[in-house]
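In what follows, a structure is listed as structure tokens, so that the remarks can point back to it.
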Amino acid sequence: MRSSAPPPPFSSLRRGLVPFVAALALLGTAGASVAGAVEACGSVITAPLARPVSADDPCPSADPVVCRIRVLPMDEKVEAQRTRMQYHGLLEGMHRTEAAMREAGATDEEIARELVDMRNQAKEITRAGMTPEEVRVLEQRNVAKYGNPLGPTADQLYAKYGSWQQVIDASMRTSFAVDRELSLEYRPCPV
């Protein structure tokens, strides 16, 4: 025999909640899909750090910084990766500065000069957390290439590239080889 008594209040509540919870679940899935579609930006870790190699192994790179990173003990390699990520964060500030200066009506030359100065300051800030040996390797490379321990000046970059826009672009580039050796990729964030 069936009971003709009204269903308990929980049963009606459940009938109302099931479609509501299902709708929320669908929204959550859609939100996760949208969030997953947004690409990571800034300093992105691409893989685990490679184990150190012997200093006797030939280095496949012409960049002495890459060769130095390859042989670092793992704890120093992890610290070098963190330092590089901080440097990428400083590059993000440069992108915001460029956008603000453009909005304020600055010329390409004004922007380029400011960004080259910012990049050199970023190098100084980043190097403050490095060992003297790491700084020495970087400075030697830059002195050999540019005659300046921090790297090229705005005027040297203009002479090399021939346009202030290209100087702007160059000032916000990062070394792909160094980033790759530290299992990183730099992807500028939207401004």
#### Entry: Amide hydrogen neighbours beyond the local backbone of Leu184, cut-off 5 Å, H modeled
Thr46
### Query
Can you pull the percent of Cα pairs in the range 82-191 with separation above 22 Å?
32
### Long-range amide H partners of Gly42 with built H, under 5 Å
Arg187, Cys189
## Note on the structure
Heads up, the range 59-99 by the C-alpha gyration tensor (a ≥ b ≥ c square roots of eigenvalues; a/c under 1.5 rounded, else a/b over b/c prolate, else oblate) looks oblate
## Note on the structure
Answer check: the range 86-139, Cα atoms, Kirkwood Rh, Rg/Rh ratio of 1.10
### Message
Projecting each Cα onto the charge dipole of the range 42-114 (Lys/Arg +1, Asp/Glu -1 at the beta carbon, about the Cα centre), which of Val53, Ala112, Gln81 comes out farthest on the positive side?
### Response
Val53
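What chymotrypsin sites (Phe, Trp or Tyr not before Pro) in the range 115-181 are in a loop by DSSP, with at most 12 other Cβ atoms within 10 Å of the Cβ? Provide the component values of the computation, followed by the final result.
Numbers: sites: Tyr146, Tyr158, Tyr161, Trp164, Phe176; in loops: none.
Passing both the DSSP loop test and the Cβ count: no residue.
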## Note on the structure
The answer for trypsin sites (Lys or Arg not before Pro) in the range 121-191 that fall in a DSSP coil and have at most 12 neighbouring Cβ atoms within 10 Å is Arg173
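Please list Met172, Met118 from largest to smallest accessible area, probe radius 1.4 Å, with all protein chains kept in place.
On the way: Met172 20, Met118 40 Å².
Largest to smallest exposure gives the sequence Met118, Met172.
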### Query
If Lys and Arg each add +1 and Asp and Glu each add -1, what is the summed charge of the other residues whose beta carbon sits under 12 Å from the beta carbon of Pro188?
-2
### Message
On a full-extension model of 0.36 nm per residue, what is the gain between Thr131 and Asp108, subtracting their alpha-carbon distance, rounded to one decimal in nm?
### Response
4.7 nm
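Hey, got the dipole for the range 95-191? About the Cα centre, +1 on K and R Cβ, -1 on D and E Cβ, debye to the nearest 20? Could the numbers behind the result be given before it?
Numbers: 13 positive and 16 negative charges, 49 e Å.
Its charge dipole is roughly 240 debye.
Would you list Leu182, Leu49, Leu90 from the most to the least accessible area, probe 1.4 Å? All intermediate terms of the calculation are to be shown ahead of the outcome.
On the way: Leu182 5, Leu49 25, Leu90 55 Å².
So, going from the largest accessible area down, we get Leu90, Leu49, Leu182.
Could you compute how fast the range 134-191 diffuses translationally, taking Rh as the Kirkwood radius over C-alpha pairs and applying Stokes-Einstein at 20 °C with viscosity 1.002 mPa s? Give it in µm² per second.
Numbers: Rh = 13.0 Å.
Translational diffusion coefficient: 165 µm²/s.
The values are calculated or read from the model by the stated rules, or taken from the named source; none is laboratory data. What you see is a predicted model; the values in this text were computed from it and never measured. So basically every Cβ, Gly included, is an ideal-geometry build from the backbone, and we count neighbours across all protein chains shown. What goes into the accessible areas is simple: the full protein's heavy atoms, side chains included, and nothing from ligands, DNA or RNA. Shrake-Rupley method; radii C 1.70, N 1.55, O 1.52, S 1.80 Å.
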